[in-house]
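S.K.: After the structure tokens below, expect a handful of questions from me.
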Protein chains: 2
Amino acid sequence: MKGYIQVYTGNGKGKTTAAFGLALRAVGAGMKVFIGQFVKGKSYNENIAIARHLKNITVKQYGLGCFIVNTPTDDDIKAAGKGLDEMRKIIQKGKYDLVIMDEVNIALYYKLIDIKDLLEIIKNKPEHVELVLTGRYVPQELIDKADLVTEMKEIKHYYRKGIEARKGIEY
Amino acid sequence: MKGYIQVYTGNGKGKTTAAFGLALRAVGAGMKVFIGQFVKGKSYNENIAIARHLKNITVKQYGLGCFIVNTPTDDDIKAAGKGLDEMRKIIQKGKYDLVIMDEVNIALYYKLIDIKDLLEIIKNKPEHVELVLTGRYVPQELIDKADLVTEMKEIKHYYRKGIEARKGIEY
């Protein structure tokens, strides 16, 4: 089966969760899944569920787990660069049928990684590997290369009401 | 913790998968999840993964599993009505922290169920229950009641290239 390039972007809720839902679907079909998370560094509850119950999904994090406020630090850049290098090898090997680069668009946006390197990874990916890229601010060059792009658009959001992020729902 | 009303709608890919990703996150936080699927009737790979690995998620289907082409049949209406009745009781009991009414917007759109009944379920839901409603064509009355609404908007879709739905990726 030929693998494609999917992008989930936009300012709405549901980008990472859609990618994780897809991982769950893929596992049900007997596929192996690798999820690499850029920028993120803390343990989310979806990761806990996966570690406990879903051995065919591997999750690794390549971030410091704190928000990038203004300029990214050298440590942010180093962590993302290490992530891109690891994921290049993982994709190239073709052992995983579905590879999710979570928040990779954010890593691009803050120039933690170079888009040229990502485009090269896409270009050289084994035919059967499905690649999913998430995060706000997807650049046009990635849209051009993608087969499927969904924008998660915020129509209404409870944060506007001052509700805090909740365990099990937002993280 | 107070539960809210979330809606995932729009013509893009990622509505059901976002809801299932949320279910995975909730399970990681020790919550119990019920997923009722309207219109759908066949076994999807995400359901297979859940049945095998995630005992804190229960999935039931309230559809015939075939596309509604023109007018829904009596059997479509009966199946959806049964689903709404069952889910009313399930939500009311409050045993499940997260309840997903997958494709309920489609059931509304085809008039398989009455929006008045759904609004009543929302109004009477126990405080702690988080309710997630998915499907295209969400009516304005539901947007008004919801705390969070995300539109999954198709920017680019490989179906346009004539690619068939693929096991583990689309179903």
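S.K.: Could you list, in sequence order, all residues of the stretch A:37-58 that are among the hydrophobic types (A, V, I, L, M, F, W, C), facing chain B (nearest Cβ under 8 Å) and out of contact with any His (no Cβ under 7 Å at 6 or more places or on another chain)?
M.R.: Here is the first cut: in the stretch A:37-58, the ones among the hydrophobic types (A, V, I, L, M, F, W, C) are A:38-39, A:48-51, A:54, A:57.
Going one step further and asking which of them are facing chain B (nearest Cβ under 8 Å), we end up with A:48-50, A:54.
Within the stretch A:37-58, A:Ile48, A:Ala49, A:Ile50 qualify.
S.K.: Another question, then. Look at A:Glu120 and say whether it is among the acidic types (Asp, Glu), at pLDDT 95 or above and out of contact with any Asp or Glu (no Cβ under 7 Å at 6 or more places or on another chain). Full working, then the answer.
M.R.: Working: among the acidic types (Asp, Glu): yes; at pLDDT 95 or above: yes; out of contact with any Asp or Glu (no Cβ under 7 Å at 6 or more places or on another chain): yes.
Spelling it out, A:Glu120 is indeed among the acidic types (Asp, Glu), at pLDDT 95 or above and out of contact with any Asp or Glu (no Cβ under 7 Å at 6 or more places or on another chain).
S.K.: While we're here: Among the residues of the stretch B:16-56, write down those that are under 13 Å from the mean Cα position of the chain (by Cα) and either charged (D, E, K, R) or within 20 Å of B:Lys153 (Cα to Cα) (or both).
M.R.: Scanning the stretch B:16-56 gives B:Thr16, B:Thr17, B:Ala18, B:Ala19, B:Phe20, B:Gly21, B:Leu22, B:Lys40.
S.K.: Right, another one. Among the numbered criteria (1) in a loop (DSSP other than H, G, I, E, B); (2) farther than 27 Å from A:Gly12 by Cβ, which one does B:Ile48 miss?
M.R.: (1)
S.K.: Looking only at the stretch A:20-36, how many residues end up being at the interface with chain B (Cβ under 7 Å from one of its Cβ atoms) and either touching a residue at least 40 places away in the same chain (Cβ under 8 Å) or part of a helix (DSSP H, G or I) (or both)?
M.R.: Quick first cut of the stretch A:20-36, residues at the interface with chain B (Cβ under 7 Å from one of its Cβ atoms) only: A:20-22, A:24-29, A:31.
This time we only want the ones that are either touching a residue at least 40 places away in the same chain (Cβ under 8 Å) or part of a helix (DSSP H, G or I) (or both), so: A:20-22, A:24-28, A:31.
Adding up the residues that qualify gives 9.
S.K.: Return yes when A:Thr71 is more than 29 Å from A:Tyr158 (Cβ to Cβ), assigned to a loop (DSSP other than H, G, I, E, B) and of a type in the set (S, T, N, Q) and no when it is not.
M.R.: On the way: more than 29 Å from A:Tyr158 (Cβ to Cβ): yes; assigned to a loop (DSSP other than H, G, I, E, B): yes; of a type in the set (S, T, N, Q): yes.
So A:Thr71 fits the description; yes.
S.K.: Another question, then. Take B:Ile113 and decide whether it is more than 14 Å from chain A (Cβ to nearest Cβ), in contact with a strand residue (DSSP E or B) (Cβ under 7 Å, 6 or more places away or on another chain) and crowded, with 18+ Cβ neighbours inside 10 Å.
M.R.: Numbers: more than 14 Å from chain A (Cβ to nearest Cβ): yes; in contact with a strand residue (DSSP E or B) (Cβ under 7 Å, 6 or more places away or on another chain): no; crowded, with 18+ Cβ neighbours inside 10 Å: yes.
It is false that B:Ile113 is more than 14 Å from chain A (Cβ to nearest Cβ), in contact with a strand residue (DSSP E or B) (Cβ under 7 Å, 6 or more places away or on another chain) and crowded, with 18+ Cβ neighbours inside 10 Å.
S.K.: Out of the stretch A:59-86, which residues are away from chain B (no Cβ under 14 Å) and either surrounded by 17 or more Cβ atoms within 10 Å (Cβ to Cβ) or within 30 Å of B:Ala51 (Cα to Cα) (or both)? Steps first, please.
M.R.: Taking the stretch A:59-86 as the starting set, the residues that turn out to be away from chain B (no Cβ under 14 Å) are A:60-86.
Matches in the stretch A:59-86: A:Lys60, A:Gln61, A:Tyr62, A:Gly63, A:Leu64, A:Pro72, A:Asp76, A:Ala79, A:Ala80, A:Gly83, A:Leu84.
S.K.: Moving on to the next point. Across the stretch A:118-171, what is the total count of residues that are polar (S, T, N, Q) and either surrounded by 23 or more Cβ atoms within 10 Å (Cβ to Cβ) or under 30 Å from B:Asp97 (Cβ atoms) (or both)? I'd like the intermediate steps shown before the answer.
M.R.: Initial filter on the stretch A:118-171 (polar (S, T, N, Q)): A:124, A:134, A:140, A:150.
Applying the additional criterion that residues be either surrounded by 23 or more Cβ atoms within 10 Å (Cβ to Cβ) or under 30 Å from B:Asp97 (Cβ atoms) (or both) yields A:134, A:150.
Here the count works out to 2.
S.K.: I'm told A:Lys13 meets every condition in (1) under 15 Å from the mean Cα position of the chain (by Cα); (2) at the interface with another protein chain (Cβ under 8 Å from one of its Cβ atoms); (3) surrounded by 24 or more Cβ atoms within 10 Å (Cβ to Cβ) except one. Can you identify the failing condition by its number?
M.R.: (3)
S.K.: Show the residue pairs that are 6+ apart or on different chains and have beta-carbon atoms under 8 Å apart, the first residue being within the stretch B:104-119 and under 13 Å from B:Tyr137 (Cβ atoms), the second being of a type in the set (S, T, N, Q).
M.R.: Final answer for the pair search is B:Val104/B:Thr134; B:Asn105/B:Thr9; B:Asn105/B:Thr134.
S.K.: Take B:Tyr4 and decide whether it is in contact (Cβ under 8 Å) with a residue 40 or more places away in the chain, more than 8 Å from chain A (Cβ to nearest Cβ), closer than 21 Å to B:Lys123 by Cβ and surrounded by 17 or more Cβ atoms within 10 Å (Cβ to Cβ). Spell out the reasoning first.
M.R.: Details: in contact (Cβ under 8 Å) with a residue 40 or more places away in the chain: yes; more than 8 Å from chain A (Cβ to nearest Cβ): no; closer than 21 Å to B:Lys123 by Cβ: yes; surrounded by 17 or more Cβ atoms within 10 Å (Cβ to Cβ): yes.
No, not satisfied.
S.K.: Then there is this: Does B:Gly41 satisfy the condition of being more than 20 Å from B:Lys145 (Cα to Cα) and either of a type outside the set (Phe, Trp, Tyr) or without any contact (Cβ under 8 Å) to a residue 40 or more places away in the chain (or both)?
M.R.: yes
The values are calculated or read from the model by the stated rules, or taken from the named source; none is laboratory data. Not measured: the values here are computed from a predicted model. Neighbour counts are summed over all protein chains in view; Cβ atoms, including those assigned to glycine, are modelled from backbone coordinates with ideal geometry.
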